[in-house]
Amino acid sequence: MMPVGRLAPSPSGRLHLGNVRTFLWAWLSARAAGGRVLLRVEDLDASRTKPGAVERIVDDLRWLGFDWDGDIVVQSARRDFYRATFARLAGKIYPCRCGKSELAQSAPHEGDVEPCYPGTCRAGIGASTPVAWRLRVEPGEVSFVDRLYGPRACDVAKDVGDFVVARSPDQPSYQLAVAADDVDQGVTEVVRGDDLLPSAARQILVCRALGVEPPSYGHVPLVLGADGTRLAKRHGGTWLAGLRDAGAKPERIIGLLAESSGLGEGDATPACLLPRWSWAKLSRERLTLTPDRLRAFQ
Ligand code: GLU
């Protein structure tokens with residue numbers, strides 16, 4: 001079976017070099033096996049979505065030499081699908097009135113993984129208004145083989161607990177939306193940043209609750225700023241927009257990201273890296289962008 005991969009940017013700003021390195025791996029993994037690549041815009045968290053960001057991300061991806069198959073799928077246009085998915089979970093989810101922080105609709109990046117829920121509302125909430133819906137999980141182990149990190153096992157009772165799948169029927173959490181979209185779109189391999197590794201077990205549990213086969217997972221070591229933390233706004237020079245405006249060449253950017261991945265040296269386009277691609281070659285090291293390394297991109 002030909003693989004189907006996906007690029008799943010959140011339009012919360014412009015792309016940074018970490019996003020580009022992740023997309024490069026996702027694209028190469030699917031394309032090198034003759035597979036398809038989908039582009040899905042993850043804009044469910046309206047508070048983080050910036051006007052014009054989708055257009056800029058699409059333009060940056062094309063400029064870098066990426067392509068994809070079919071129309072761009074936008075999550076915010078799929079409320080009917082999420083409502084139907086929510087209905088399929090009847091009997092497996094329960095309403096919860098415990099508040100706030102765990103209701104995130106965007107991906108829980110490093111440091112903000114949902115804490116294990118103590119089960120307060122499991123037995124019912126009476127006439128209270130639910131603020132969220134949780135998946136009722138049973139104790140046990142979820143195991144999977146990560147394409148880069150190998151076999152992983154997660155103790156559901158200890159590491160996951162009943163987690164939030166929706167705020168309301170058409171407001172799915174990140175975990176539900178991503179797992180349901182991946183399966184619905186026929187995605188067979190999820191390749192994304194390694195800060196989302198703890199989300200894989202949750203998404204496998206969502207697939208199980210929906211009675212569908214989960215995709216495979218491969219997590220890409222993050223790119224860090226010079227201070228050793230995950231790339232964010234404060235890491236000025238690591239944004240593609242800045243490099244592009246300063247005259248950087250896409251082949252240099254792709255070439256250096258490929259080199260940091262263990263795929264050989266020299267300027268490159270995604271397509272010209274296809275013959276060199278192999279999961280076995282890839283570096284498990286997170287890449288720290290020291291000022292020297294960053295200068296090489298310009
Ligand atoms: N949209 C998420 C992000 O940009 C990625 C989610 C995923 O690949 O599962 O962080």
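Read-outs: derived from the displayed coordinates by stated rules, not from any lab. All of these numbers come straight from a predicted model, not from anything done at the bench. Glycine also receives a Cβ, built like all others from the backbone with ideal geometry; neighbour counts cover every protein chain displayed.
By the equivalent-ellipsoid construction on the alpha carbon gyration tensor, region 1-116 comes out with semi-axes of 28, 19, 15 Å, ordered largest to smallest. If you take all other residues with their beta carbon under 13 Å from the beta carbon of residue 146, and give Lys and Arg +1 and Asp and Glu -1, the sum is +2. Can you bin region 167-241 into rounded, prolate or oblate? Criterion: square roots of the alpha carbon gyration tensor eigenvalues sorted a ≥ b ≥ c, rounded for a/c under 1.5, prolate for a/b above b/c, oblate for the rest. Prolate.
If R0 is taken as 30 Å, the Cβ-Cβ distance between residue 271 and residue 77 corresponds to a FRET efficiency of 0.50. Relative contact order of region 187-235, taken over Cα pairs closer than 8 Å and 6 or more residues apart, is 43 percent. If the cut-off is 29 Å between C-alpha atoms, which lysines fall inside it for residue 50, apart from same-chain ones fewer than 8 positions away? Partners within reach: 100, 233, 249. Take every Cα pair under 8 Å whose residues are at least 6 apart in sequence, average their separation, divide by the length of the chain, and the relative contact order is 21 percent.
Step by step: find N for the chain, compute 2.2 N^0.38 Å, then divide the Cα radius of gyration by it. What's the final number?
Against the empirical 2.2 N^0.38 Å value, I get 1.01 for the chain.
Stretched out straight at 0.36 nm per residue, the stretch from residue 138 to residue 234 would grow longer than its current Cα-Cα span by 30.5 nm. Between residue 56 and residue 251, the FRET efficiency estimated from the beta carbon spacing at R0 = 25 angstrom works out to 0.80. Mean separation of Cα pairs under 8 Å and 6 or more residues apart, divided by the residue count, gives region 176-298 a relative contact order of 24 percent.
Run the helix sum for the chain: -39,500 (n - 2.57) per DSSP H stretch of 4+ residues, divided by residue count, reported at 222 nm to the nearest 500 deg cm²/dmol.
Helices in the chain give a 222 nm mean residue ellipticity of -9000 deg cm²/dmol.
Looking at region 123-267, what % of the alpha carbon pairs are farther apart than 20 Å? The answer is 62 percent, as a whole percent.
Work out how much length residue 295 to residue 122 would gain on full extension: take 0.36 nm times their residue separation and subtract the Cα-Cα distance, in nm to one decimal.
Full extension from residue 295 to residue 122 adds 56.9 nm.
Rounded, prolate or oblate for region 244-298? Axes are the square roots of the Cα gyration tensor eigenvalues, ordered a ≥ b ≥ c, and the cut-off for rounded is a/c under 1.5. It comes out oblate by the Cα gyration axes. Dipole check for the chain: with +1 at the C-beta of Lys and Arg, -1 at the C-beta of Asp and Glu, and the Cα centre as origin, the magnitude is about 340 Debye.
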